[in-house]
Every structure is written in C-alpha cells, then in structure tokens.
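So the structure is just underneath, and the comments pick up after that.
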Amino acid sequence: MIESLNSPHIARVKALIGSRGTKERKNSGHFVAEGMQCVREAIVSSTGPGIETLYVTSTGRQKVEQISDLIAFNVVDVSDEVMKAMSETITPQGILAVCSIPTNSLDSVTLNGTRKFIYLSEIQDPGNAGTIIRSADAFGIDAVITSPGSVDIYSPKVVRSTAGSLWHTPVFESIELDTVLALGVQAFTLAAEGSKPLKELKITHDCVAIFGNEARGLATAQATSSIEQVKISMPGNAESLNLSAAATIVMYHLANIPSS
C-alpha cells in the first residue's frame, strides 16, 4: 500500500488534473476518472476508454470488488491520505482510475440512413459538455463530435459530468464542421429565429444536430444554407434554455421520431 505523500503516483495524477492538465493529457494519452459511477462503467464496459491504473483505498476496494474481479486490472492500493492528495473532490470515494484516451477517427463512422450525431461548436462549459454526453447516451445518439476550440472532453469536470456515459458514447474531438457536413448528413441547428418548430422536424436520413457556443451561437461562416434552423416552442416566460437542457430536448425528439 502506498502511504507516502511524496509518491510519484500522486505527482502523475495531479499533473493530469492540474492547471496544465490539457497538455499533459494530450502528451501522455491518459486522463483521470474518479468516483464509483465513472470507474464502474470503465470496468464493466467493453467499449470506451480502458483502465491503465486503478487506485483504491481499503474502502474503495471493497466497493469495486462487488462488481468485478480485479485480477485483470493494474490495481494500486493507497491510504486515505494519498487518495485525498490525488483527488479533486472534497470527500473522495476511495476510487480513482487513470484511463487511456481513445484514438477515435471519424473515418471509422459508418452511415446507414438512421445515424444520429451531436456536434458541439466551441462549447466551453464542462458541465454542459458532460451533461450533453450523458443525454446522448440516454437517447441512443451514435456519437458526440466537438469542434476545435471546444472544452477538453477528458478534463475532470467533463468526465464527472458524464456520470459514466463517456464509456458508452463515442466522442470525436476537434473536427471541423465542414468535415461533418461533407459526410452528407442532414444538418440542423437551434435558432431563436428558426422558421420551423422542432416538433415539425422530419428526419430523412443520417443527421447531425449542431449546437453553437453558449454565448455566441454558431459563427456566421458556419451558418450555411445546408443547415436548417429550427426552434423549441416555449409557451412559458423564460427567454431561453441552458444549452444542455436544449440539447437534451432535441435528443429526446430525435429518439422518438421515426426516420422517413
């Protein structure tokens, strides 16, 4: 069991979640997943990021052993103090994993006429990004795609916000919108000035729902004629919806309308 607060294991984890974590994650190809929800999905899922090292306290080991035989994993036992030094949370659950970032390529995506994708253009808020991935998992979206300049999907706050759905929904990062549109998918975006209510949107083939930056929306250069603008009808008094709430409504709609 590791008990020293000078352990290189602590330094490695802190580097992955610290202020320069984005660069460290990119260079090393690893990220940190903390807590029972994320680690459980990492253990039981046959897809998504694999576990490179699993850190557990004695309490954490008892929890994890209830869902899996740990013989297949590189498990490192640590003291409560070491786990606290590694953790970003106030009350660590005693379970933390260093996972491998998948090398997903958009070239691997196959279209069959019913595929549904979400595209996030320069989304900055980690909570929004993580919640959108969680909703995508819930409503059977085939993949989430992010633009250059969007939040790092493997940052600790995004990973936590996915609540484990990162292991079920493929994510493709830093993809230009033109590359997605070149696939020949039906594209639409939400806009206050949209001429068609979302409930009237018909999906005729593979599609992508595009969501712009929380403050600026889509850049003017991206607002091409091939992107249909739709709106969510809101009979109440609120002027707008949080991005993740709006995206969730769209995904619910996509999951409940037949392709035609």
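Peptides 121-132, 74-85, 53-64 ordered by packing proxy, namely the average of other Cβ atoms within 10 Å per residue, highest first: 121-132, 53-64, 74-85. The GNM of the chain, with springs linking C-alpha atoms under 10 angstrom apart, assigns the highest mean-square fluctuation among Thr248, Thr47, Thr179 to Thr179.
For the stretch 106-255, the Cβ-based charge dipole about the Cα centre amounts to some 420 debye (Lys, Arg positive; Asp, Glu negative; other atoms uncharged). Using Cβ point charges alone (K and R +1, D and E -1), the dipole size of the stretch 23-169 about the Cα centre works out to roughly 240 debye. Taken one residue at a time, the phi angles of the stretch 98-112 give Karplus couplings (6.51, -1.76, 1.60, θ = phi - 60°) of 9, 10, 8, 6, x, 9, 6, 10, 4, 5, 7, 6, 10, 9, 9 Hz. Gly and Pro are set to x.
The antiparallel fraction among DSSP beta bridges confined to the chain stands at about 30%. Using the Karplus relation 6.51 cos²θ - 1.76 cosθ + 1.60 with θ = phi - 60°, the per-residue 3J(HN,Hα) values for the stretch 33-40 come to 10, 10, x, 5, 4, 5, 5, 4 Hz, with x marking Gly and Pro. Shown here for the stretch 140-219: trypsin sites (Lys or Arg not before Pro) in loop regions (DSSP other than H, G, I, E, B) with at most 13 other Cβ atoms within 10 Å, namely Lys202, Arg216. In order along the stretch 70-85, the phi-based Karplus estimate (6.51 cos²θ - 1.76 cosθ + 1.60, θ = phi - 60°) of 3J(HN,Hα) comes to 7, 4, 7, 10, 7, 9, 10, 7, 9, 6, 4, 5, 5, 4, 5, 5 Hz; Gly and Pro are listed as x. The slack in the chain from Asn237 to Ile67, taken as 0.36 nm per residue of separation less the alpha-carbon distance, amounts to 56.6 nm. If you compute semi-axes √(5λ) of the Cα gyration tensor in Å for the structure shown, which of (1) 26, 22, 17; (2) 36, 21, 14; (3) 37, 18, 17 do you land on? This structure yields the entry labelled (3).
Ranked by the mean number of other Cβ atoms within 10 Å per residue, highest first, peptides 88-94, 141-147 order as 141-147, 88-94. With 28 Å as the limit, the listed pairs Lys14/Lys116; Lys23/Lys116; Lys26/Lys63; Lys116/Lys231; Lys157/Lys199; Lys157/Lys202 have Lys14/Lys116; Lys23/Lys116; Lys26/Lys63; Lys157/Lys199; Lys157/Lys202 beyond it between alpha carbons. Largest GNM mean-square fluctuation among Met234, Met36, Met86, using the chain with Cα springs under 10 Å: Met234. In this Cβ point-charge picture (+1 for Lys and Arg, -1 for Asp and Glu), the stretch 1-73 has a dipole of about 360 debye about its Cα centre.
Throughout, read-outs are computed from the coordinates displayed, never taken from laboratory work. On a predicted model such as this, the values are computed, not experimentally measured, just so you know. Don't worry about glycine lacking a Cβ; one is built from the backbone with ideal geometry, like all the others, and counts go over all protein chains shown.
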